[in-house]
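Just so it is clear, none of the values below were taken in a lab; they were calculated from the coordinates. Quantities reported herein were computed from a predicted structural model and do not represent experimental measurements. Virtual Cβ from ideal backbone geometry, glycine too; neighbours counted across all protein chains shown.
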Ligand code: SF4
């Protein structure tokens, strides 16, 4: 008799403007959870782990970092369109800071950095995720709180009837 295939949660991991510390934490967590996650999670999009990626069929998108350019905004909207749940990872994704520091610069400093804004085609204002799209869950912290992250992964596994 053929063995029934384990259902998997299709996930995506995305990183926008930030220091990517939560991404590093996530890869560290793989050391401890690889055996268990290998069966339960399918990485549809995770540039840190693989070169072939797709937005199609993502159940849960984990998004780290703040949005600083129109191109990033477009990409975030595309992710939201393709995923069923979106999780904001870390303080930069949830409230913009500390990646959004330039929003609070005085006028003189803003003028001084304008050439960089132009050169890298940046938006006037840095945005957090929920200013642009619906966010379903948040993992606070700088970097992310490991326990809350694991709780949300488990919550999603239950929600999607995987485990
Ligand atoms: S929340 Fe903190 S750790 Fe995460 S990307 Fe922003 S600055 Fe880095």
Rounded, prolate or oblate: which fits the chain, taking a ≥ b ≥ c as square roots of the Cα gyration tensor eigenvalues, rounded meaning a/c under 1.5, else prolate when a/b beats b/c? prolate
Ellipticity estimate at 222 nm from DSSP helix runs (n ≥ 4, -39,500 (n - 2.57)) divided over the chain, nearest 500: -13000 deg cm²/dmol
Relative to the chain, whose Cα atoms define the longest principal axis, helix 146-159 and its Cα axis are tilted in degrees, nearest 10, by 50 degrees
Over the chain, what is the relative contact order in whole percent, taking alpha-carbon pairs under 8 Å and six or more residues apart? 26 percent
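Taking the beta-carbon count within 10 Å as an exposure proxy, list 142, 156 from fewest neighbours to most.
Numbers: 142 17, 156 22.
The most exposed by this proxy come first: 142, 156.
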Springs between alpha-carbon pairs under 10 angstrom, Gaussian network model over the chain: which of 106, 136, 145 fluctuates most? 106
Measure off 7 Å from each Cα along the Cα-to-Cβ vector at residue 71 and residue 102, then give the distance between these two points in nanometres to one decimal. 1.4 nm
May I ask for the angle, rounded to the nearest 10°, between helix 70-82 and the longest principal axis of the chain, with both axes built from Cα atoms and the value confined to 0 to 90°? 20 degrees
If each of residue 53 and residue 84 carries a label point 7 Å out from its Cα toward its Cβ, how far apart are those two points in nm? 2.2 nm
Roughly what angle does helix 21-40 make with the longest principal axis of the chain, taking Cα atoms, 0 to 90 degrees, to the nearest 10? 10 degrees
How do 48, 67 rank when sorted from fewest to most other Cβ atoms within 10 Å of their own Cβ? 48, 67
